[in-house]
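In what follows, a single structure is set out as structure tokens and then discussed.
The values are calculated or read from the model by the stated rules, or taken from the named source; none is laboratory data. Computed from a predicted structure; not experimentally measured. Neighbour counts are summed over all protein chains in view; Cβ atoms, including those assigned to glycine, are modelled from backbone coordinates with ideal geometry.
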Amino acid sequence: MVKTPIYLDYQATTPMADGVLDAMMPFFQEKFGNPHSTAHRFGWETSAAIDVARGHIASLIGADEGDIIFTSGATESNNFAIKGVMEAFQLKKPHMITLASEHSCVLNTARYITERTGGDVSVLPVKADGLIDLDQLKDALRRETALVSVMAVNNEIGVIQPLNEIGTLVKENGSLFHTDAAQAFGKIPLDVEASHIDLLSISGHKIYGPKGIGALYVRQRPKVPLIAHMHGGGQEKGIRSGTLAPALCVGLGKAAEIALKSQGDDEVRMTALRQRFLDLVASEISDLKINGTMQHRISSNLNIMIPNLDNQKLISKLRDVAISSGSACATGKSTPSHVLTALGLSANEAKSSLRIGFGRQSTEEEVIYAAEKIIAAVKAQRG
Ligand SMILES: *Cc1c(COP(=O)(O)O)cnc(C)c1O
């Protein structure tokens with residue numbers, strides 16, 4: 001017997017990995033010092049633990065400990081990176097390039113830039129497989145392009161963008177490259193040097209760490225010009241003031257340390273689970289289609305379109321299997337997923353799509369159970 005409800009929504013969030021809570025606990029009571037108190041050992045103790053966490057985060061992306069700024073999550077990191085760079089170049093009427101399939105926190109920040117700061121933003125379409133068209137990027141780059149923001153891995157369809165190729169083009173143009181790596185960090189190898197990345201956003205709760213913490217990698221050599229995001233006591237190099245939450249920072253660091261070790265095994269296991277699920281469902285629902293490329297995709301994601309399905313109805317019928325129709329921030333809204341329509345799906349096709357997210361805790365029994373439930377629910381809806 002499998003234990004229900006079954007969670008298959010690991011792109012929305014993940015539970016904390018074993019060891020993360022234990023690493024965090026001392027920082028709530030015993031080790032309570034303000035990490036910015038430089039005058040005594042209470043402060044030194046927490047500040048040292050935070051720097052160890054920075055080191056774990058940095059080693060997952062080939063960066064230095066000093067290049068990591070803590071934030072409250074990837075939403076804040078994306079806001080920080082985009083506003084920080086675009087405001088730094090404000091007098092030059094800067095241009096920014098991003099993708100139609102980006103997370104809403106990038107797209108809505110880009111909208112803010114055009115509406116409130118006079119910056120100019122090009123939102124490039126993606127190809128039918130979800131990947132960026134590099135020729136279109138080449139054509140869109142201008143002399144005044146300050147920033148290119150392209151996500152590493154999409155949160156709805158899991159496709160992996162060609163970061164090395166994008167970074168090379170951006171660097172040749174003399175622009176800065178930001179990537180939202182909330183779904184990539186700790187899941188696929190990332191290297192800020194090889195990919196010429198200047199800014200990289202991280203979220204704790206997508207990588208089996210705590211919620212409410214994230215980080216932004218900011219290249220120091222050469223130093224990325226970034227306008228301060230929070231004004232105050234000058235913490236985090238003066239660009240993100242406010243007392244850090246040592247427990248959360250340590251938790252994110254621990255999750256990163258674990259991810260570095262388990263990345264390879266996770267990949268192998270989840271690829272097999274996903275294939276098992278897909279084989280089962282496809283054998284009963286022959287007209288299903290996969291949204292986005294399977295070739296360049298993280299192992300933990302699947303997104304399928306079942307013609308004429310009402311995904312909201314199906315998901316609400318699935319009482320003991322937790323899957324989603326797309327981004328957690330967009331579910332419940334009646335508008336079709338902007339990611340799926342960017343691939344060229346009609347509104348109806350987008351509303352016939354399901355996102356299934358596999359995770360470290362997923363088992364073969366769970367995947368079989370979920371596949372059977374989904375098949376039965378689809379057949380019931382089709383009558
Ligand atoms: C979850 C997610 C975010 C937002 O991260 P938070 O830490 O929840 O703010 C941003 N971008 C992508 C791609 C995500 O998956």
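Quick look at the values:
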quantity: When residues of the range 165-203 are limited to those that are among the β-branched types (Val, Ile, Thr), within 22 Å of LYS223 (Cβ to Cβ) and within 14 Å of the chain's Cα centre (by Cα), the one farthest from the ligand (Cβ to nearest atom); calculated: THR179
quantity: Among residues of the range 63-104, those that are out of contact with any Cys (no Cβ under 8 Å at 6 or more places or on another chain), within 11 Å of the ligand (Cβ to nearest atom) and outside any loop (DSSP other than H, G, I, E, B), counted; calculated: 3
quantity: Of all residues making up the range 232-286, the number that are closer than 22 Å to TRP44 by Cβ and of a type in the set (A, V, I, L, M); calculated: 6
quantity: Any chance MET25 is in contact (Cβ under 8 Å) with a residue 24 or more places away in the chain, not in a loop (DSSP other than H, G, I, E, B) and not charged (D, E, K, R); calculated: yes
quantity: Options ASP51, ASP135, ASP139; residue that is under 30 Å from PRO26 (Cβ atoms), more than 16 Å from the ligand (Cβ to nearest atom) and either charged (D, E, K, R) or in a loop (DSSP other than H, G, I, E, B) (or both); calculated: ASP51
quantity: Selection from the range 209-250 of residues that are closer than 17 Å to ALA58 by Cα and within 13 Å of the ligand (Cβ to nearest atom); calculated: GLY209, ILE213, GLY214, ALA215, LEU216, LEU248
quantity: Looking only at the range 347-363, and only at residues there that are in contact with a helix residue (DSSP H, G or I) (Cβ under 9 Å, 6 or more places away or on another chain) and surrounded by fewer than 18 Cβ atoms within 10 Å (Cβ to Cβ), the one that is farthest from ASP279 (Cα to Cα); calculated: ALA347
quantity: Looking only at the range 105-132, and only at residues there that are touching a Gly at 6+ places or on another chain (Cβ under 7 Å) and not charged (D, E, K, R), the one that is farthest from the ligand (Cβ to nearest atom); calculated: ALA128
quantity: Unique match (being over 18 Å from the mean Cα position of the chain (by Cα) and loosely packed, with under 15 Cβ neighbours inside 10 Å) among GLY264, GLY242; calculated: GLY264
quantity: Contacts under 8 angstrom Cβ, first residue in the range 299-310 being more than 12 Å from SER362 (Cβ to Cβ), partner among the acidic types (Asp, Glu) and at pLDDT 95 or above, 6 or more apart; calculated: ASN303/GLU156; MET305/GLU349; ILE306/ASP287; PRO307/ASP287; PRO307/GLU349
quantity: Test result for ASN108, part of a loop (DSSP other than H, G, I, E, B) and either at pLDDT 95 or above or at positive phi (or both); calculated: no
quantity: Meets criteria (part of a loop (DSSP other than H, G, I, E, B) and either modelled with pLDDT of 95 or more or closer than 18 Å to LYS206 by Cβ (or both)) for ILE166; calculated: no
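Every residue, every condition in (1) free of Cβ contacts under 8 Å to residues at least 60 places away in the same chain; (2) more than 28 Å from ASP133 (Cβ to Cβ); (3) in contact with a strand residue (DSSP E or B) (Cβ under 8 Å, 6 or more places away or on another chain), yes or no:
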| residue | (1), (2), (3) |
| --- | --- |
| MET16 | no, yes, no |
| SER77 | no, no, yes |
| PHE89 | no, no, yes |
| LYS92 | yes, no, yes |
| HIS95 | yes, no, yes |
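Yes or no, residue by residue, for (1) farther than 28 Å from ASN301 by Cβ; (2) among the hydroxyl-bearing types (Ser, Thr, Tyr); (3) not in a helix (DSSP H, G or I):
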site	(1), (2), (3)
LYS171	yes, no, no
ILE188	no, no, yes
LEU200	no, no, yes
ILE207	no, no, yes
GLY253	no, no, no
